[in-house]
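**Student:** Have a look at this one.
The values are calculated or read from the model by the stated rules, or taken from the named source; none is laboratory data. In this text, all values refer to a predicted model and were calculated from it rather than measured experimentally. Cβ coordinates were reconstructed from backbone atoms using ideal geometry, including for glycine residues, and neighbour counts include every protein chain displayed. Keep in mind that these areas ignore ligands, DNA and RNA; they rest on the heavy atoms of the full protein, side chains included. Shrake-Rupley method; radii C 1.70, N 1.55, O 1.52, S 1.80 Å.
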Amino acid sequence: MSFDVRLHPTGLSDVDVETLLHFGVEGALCVADDSVHPASADALLSHFEDLVERQVPRLERLGLKAWAALGVHPAVLPRRGLERVMEALPACFRTGKVVAVGLTGLWKGGAHEEAALVAQLELAQSWRLPVVLGTPRAEREKLTRRLLAVLTETGFPPERALVEGATAKTIGAILALGFHAGLTLQKGATEPEKVVALVTKLGPERLHLMSGAGHGSFDLLALPRTVHLLRKAGLSRAVAGRVGGRNAARFLGLPVEE
């Protein structure tokens, strides 16, 4: 199956979703993001509610298999009330539609961000959920190194951690430590044309594709175009299928279609 590991449904129209389906995207993970304004506990909880109760069902009505990842993005950490947000998350997990914690990670770094990250890792660990993490384009190499260090220091199981925004300069360290690597198909991250070289060099193990469609500047068809380029480059259907979706389904504990 073709599965997008980072979709932002509030920024997509019904026509956009129908276009994705037409071009072979079958499923997606809808992630909590940094669009929350103001950055308050109430706004975060409203964002979570919208994803789980409105956006995921909307995508499913349109025919796209959808699940959610809920977490506090480091760019919108509330000054107060984080504990209340964390206490509310287990009720969301019980709905059966939340299959991961995320998007979390580091934004500018520092003690406050790292404390919030560790708290979310502990929550994910207690619920045996995978976690999706990221770093910004600015200082990505530096912050990715620190993110990997925090993950290692906490002892979070590497097989349940996906670090998105991986680039040619960071992917080696991510994979070497046993984590999953997400290739964000956007300009300034890993554009589709660069994915072929990475997959050819590294193989498909623990690699995932995510478009970020619906958030900022995005290419709606980045995922299907990347899968097409993989096949066009001579990589097998099995390899393209693993990177294009089956790896993600296994990582998230979803039914895998061979």
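**Student:** Taking only protein heavy atoms and a 1.4 Å probe, what accessible area per residue, in Å², does the stretch 10-121 have with all protein chains in place?
**Tutor:** Working: 4830 Å² over 112 residues.
Per-residue accessible area for the stretch 10-121 comes out at 43 Å².
**Student:** Now for a separate question. With volume of the Cα convex hull per residue in Å³ in mind, check (1) 110; (2) 132; (3) 155 and report the label derived from this structure.
**Tutor:** Answer by label: (1).
**Student:** Answer with one residue from Leu129, Leu183, Thr167: the one whose Cα lies farthest towards the positive end of the charge dipole of the stretch 118-229, charges on Cβ with Lys, Arg +1 and Asp, Glu -1.
**Tutor:** Thr167
**Student:** Give the carbon-plus-sulfur fraction of the accessible surface of the chain in %, rounded to a whole number; probe 1.4 Å, heavy atoms of protein chains only. Walk me through the intermediate numbers first.
**Tutor:** Values: 5890 of 11020 Å².
So the carbon and sulfur contribution to the accessible surface is 53 percent.
**Student:** Just the accessible area per residue of the stretch 213-257, please: how many Å² with a 1.4 Å probe?
**Tutor:** 47 Å²
**Student:** Moving on to the next point. If packing is taken as the average count of other Cβ atoms within 10 Å, what order do 242-254, 134-146, 58-70 fall into, highest mean first?
**Tutor:** 242-254, 58-70, 134-146
**Student:** Just going by the charge dipole of the chain, with Lys and Arg at +1 and Asp and Glu at -1 on Cβ, which of Thr19, Gly245, Val56 is farthest out on the positive end?
**Tutor:** The one lying farthest along the dipole's positive direction is Gly245.
**Student:** OK, next. Can you give the local net charge around Phe156? Use residues other than it whose beta-carbon is closer than 12 angstrom to its beta-carbon, Lys and Arg +1, Asp and Glu -1.
**Tutor:** So the surrounding residues net to -1.
**Student:** In the structure shown, do any of Lys97/Lys232; Lys97/Lys201; Lys108/Lys169; Lys65/Lys108; Lys187/Lys232; Lys169/Lys232 have a Cα-Cα gap over 31 Å, and if so which?
**Tutor:** Values: Lys97/Lys232 35 Å; Lys97/Lys201 35 Å; Lys108/Lys169 19 Å; Lys65/Lys108 34 Å; Lys187/Lys232 21 Å; Lys169/Lys232 25 Å.
The answer is Lys97/Lys232; Lys97/Lys201; Lys65/Lys108.
**Student:** Distance between the C-alpha centers of the stretch 35-83 and the stretch 150-178? Whole Å please.
**Tutor:** With the stretch 35-83 and the stretch 150-178 each reduced to a Cα centre, they are spaced 24 Å.
**Student:** Taking the Cα centre of the chain as the origin, how large is its charge dipole in debye, to the nearest 20, when only Lys and Arg (+1) and Asp and Glu (-1) carry charge on their Cβ atoms? Don't skip to the answer; put the middle values down first.
**Tutor:** Values: 30 positive and 28 negative charges, 139 e Å.
Using only the charged Cβ atoms, the result is roughly 660 debye.
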